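Participant: Sharing a structure here in structure tokens format.
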Ligand code: NAD
């Protein structure tokens, strides 16, 4: 069994979880520890003990450790990519790309460690100095989803360590293999005992215990809205700092003046790459009526030509859906699309040489924005195509959602691009680019049902991972 990492030791536990390849159900990746509340308690205690020394450690020590971790991930990117594609189902090039991004994030925060700055402000009282400094929050619980099993842990663990916090990491049940590899690298990075801990296991057990644990000071969570909402309520009871990144129903507007091949590519990429299993996926394509039919015809043709298959297969463009449960849910939404009156292209389960959860990309033509298929996050390769009368109508449709993570517009007009950027109610806006695909050194996050709390990534991460102290010194 692949073990948990607690207090500087690899430790087994009674229960384990089976990790299987969604591209080939005969491929058993391994058994992974499924921890208990007692394991979480040990990890939280170890982390709490490590906080005082790590929090006051020389930033060069932390910078060097983060740099070593980033370099080690890069040097093993093939191994990571293979594991990631095998257990999550994204294609090998996508999986290696995600791994490289995780390494870049560790390297970015290695440098940020040397830029932790404060303010010196003149006091309104004589002979008094005022200083505003940033200090670590303490023990940070990291809870992550399966769809970016190395990038998301990286963008939480790296800033947590950078700013002097200790970490208890609980990865998603479906992707423990990548998390375990990452923990191996961090374990080899010579951090003091207890600074980093991995507790794999069920959300309802380990995750729940983390949220309730008095020694966990803050929780950074990425996952679904229902789990995030319940977690925030529970964390409020314990007065923990919380950051939530959740779902999306991201709009991509295609105007009548768009470069059509560019728009088709951006929509194909945004809606279907990574099997549509991205919080930033373009699941609502809002298309100007003047080009609606042309757009739909081209998109249907292009989507039908995408090669769906084994994530590790040469030339595969769309890997499998991550699990049987997710596939069933996607197929139910395809049925719902018909019931709601959309015209469905693709979306059926398909067979491949290996037994897995393969589904053809689904396009819901003549969809309305008010339909459930256009309002609920499906989290699969499914996109509604909604007609808009003009720019104002398209903008109103784009903003008519309970979410607000990412949005995009394809247009040749600077005026439309500017208006959309200013009036979109999403946290991230793309012009002539897919709604998915972001840089690693700038803030990431959304509004309303998509995010709660301060932004992740880039130097904005300091808001969550530090606590501000204001000091007054009287010189006499
Ligand atoms: P999920 O909410 O089911 O699980 C996320 C994590 O929470 C897992 O580690 C799970 O074990 C844990 N968890 C479950 N129950 C818990 C509990 N009671 N207490 C504490 N932790 C618990 O989500 P998922 O299916 O793994 O991921 C898909 C979701 O993640 C989608 O909604 C997607 O949009 C979202 N997501 C958001 C972003 C973003 O940055 N906004 C990025 C990626 C994925």
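Rule-based calculations on the coordinates, nothing more; no lab input. Quick caveat, the model's predicted, so the values are computed rather than measured. Note that we place each Cβ from the backbone using ideal geometry, even for glycine, and neighbour counts take in every protein chain shown.
Participant: Label-point separation (nm) for residue 129 and residue 14, each offset 7 Å from Cα along Cα-to-Cβ?
Facilitator: 5.7
Participant: Per DSSP helix of 4 or more residues, -39500 (n - 2.57); summed, then divided by the residues of the chain. What does that give at 222 nm, rounded to the nearest 500?
Facilitator: -11500 deg cm²/dmol
Participant: Which whole-angstrom value gives the distance between the alpha carbon centres of the range 341-362 and the range 123-187?
Facilitator: The distance from the Cα centre of the range 341-362 to that of the range 123-187 comes to 38 Å.
Participant: Here is a further query. Taking 45 Å as R0, compute the FRET efficiency from the Cβ-Cβ separation of residue 56 and residue 425 and round it to 0.05.
Facilitator: 0.60
Participant: Which angle between 0 and 90 degrees, to the nearest 10, do you get for helix 37-55 versus the longest principal axis of the chain when only C-alpha atoms count?
Facilitator: It is inclined by approximately 60 degrees.
Participant: When the Kirkwood radius is taken over all Cα pairs of the range 1-55, what Stokes-Einstein diffusion coefficient follows at 10 °C and 1.306 mPa s, in µm²/s?
Facilitator: 123
Participant: Quick one: angle between helix 176-187 and the longest Cα principal axis of the chain, in degrees between 0 and 90, rounded to 10, please.
Facilitator: Rounded to the nearest ten degrees, it is 30.
Participant: Let me ask something additional. Please give the per residue volume of the convex hull enclosing the alpha carbon atoms of the chain, rounded to a whole number of Å³.
Facilitator: Working: hull volume 69.7 nm³, N = 476.
Hull volume normalised by residue count: 146 Å³.
Participant: For the peptides 294-302, 40-48, 366-374, what is the packing order when you average, over each peptide's residues, the other Cβ atoms within 10 Å and list the highest mean first?
Facilitator: On the way: 294-302: 17.1, 40-48: 23.4, 366-374: 18.8.
Ranking, from highest mean packing down: 40-48, 366-374, 294-302.
Participant: Any idea what angle helix 414-423 forms with the longest principal axis of the chain, computed on alpha-carbon atoms, 0 to 90 degrees, nearest 10?
Facilitator: 50
Participant: Rank the residues 163, 472, 292 as a footprinting-exposure proxy: fewest other Cβ atoms within 10 Å of their Cβ go first.
Facilitator: Listed from fewest to most nearby Cβ atoms, that is 472, 292, 163.
Participant: What area, in nm² and to one decimal, does the C-alpha convex hull of the range 323-476 cast on average over all directions?
Facilitator: The orientation-averaged projected area of the Cα hull of the range 323-476 comes to 14.5 nm².
Participant: OK, next. Mind giving me the FRET efficiency for residue 38 and residue 229? R0 is 35 Å, r the Cβ-Cβ distance, nearest 0.05 is fine.
Facilitator: According to the calculation, E is roughly 0.85.
Participant: With each label point set 7 Å from Cα along the Cα-Cβ vector, what nm distance links residue 236 and residue 259?
Facilitator: 4.7
Participant: Then there is this: Which FRET efficiency value, to the nearest 0.05, do you get for residue 117 and residue 297 by plugging their Cβ-Cβ distance into 1/(1 + (r/R0)^6) with R0 = 60 Å?
Facilitator: 0.65
Participant: Out of every Cα-Cα pair in the range 82-226, what percent are more than 19 Å apart?
Facilitator: 57
Participant: So what does log10 I(q)/I(0) come out to for the range 250-431 at q = 0.09, 0.12 Å⁻¹, using the Debye formula with one equal point on every Cα and no solvent?
Facilitator: -0.29, -0.51
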